Amino acid sequence: MEQLRWLKKCAKMEGLGDLVAKVTEVTGIKAVVKAIAGEDCGCAQRQAKLNEIFPFNNERQQETNPVGETVD
C-alpha cells in the first residue's frame, strides 16, 4: 500500500526538480539549508530549472534539449 502511494506521488512530479525537492524535504536537508540561508535560498528557482531541463513526461513531440539540438 505504501508503494502505491509513492508511485502516485511520483506520477504527479513534473521533473527532476520535484524529485530533488522531495528527497531534500524527507531527509531534512531542506530544513538545514533554510536555517542557514534563510527562507529565500533559491530552491524554487533551481527546482523549476531542473523540471524544465529534465521533465518526466514522455509525451514530447518535438522539443529542444538543453544543448539546443532538436529531439524527435
>> Please go through region 39-59 and give me each residue that is among the small types (Gly, Ala, Ser), within 13 Å of VAL20 (Cα to Cα) and without any contact (Cβ under 8 Å) to a residue 12 or more places away in the chain, ordered by number.
In response: ALA44
> Taking helices (runs of 4 or more DSSP H) that do not extend beyond region 1-62, which have at least 3 residues that are open to solvent by 100 Å² or more (accessible area, probe 1.4 Å) and at pLDDT 90 or above?
Replying inline: 43-53
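The values are calculated or read from the model by the stated rules, or taken from the named source; none is laboratory data. This one's a predicted model, so the numbers in the text were calculated from it and none came from an experiment. Don't worry about glycine lacking a Cβ; one is built from the backbone with ideal geometry, like all the others, and counts go over all protein chains shown. SASA here: full protein model, heavy atoms, side chains in, ligands and nucleic acids out. Shrake-Rupley method; radii C 1.70, N 1.55, O 1.52, S 1.80 Å.
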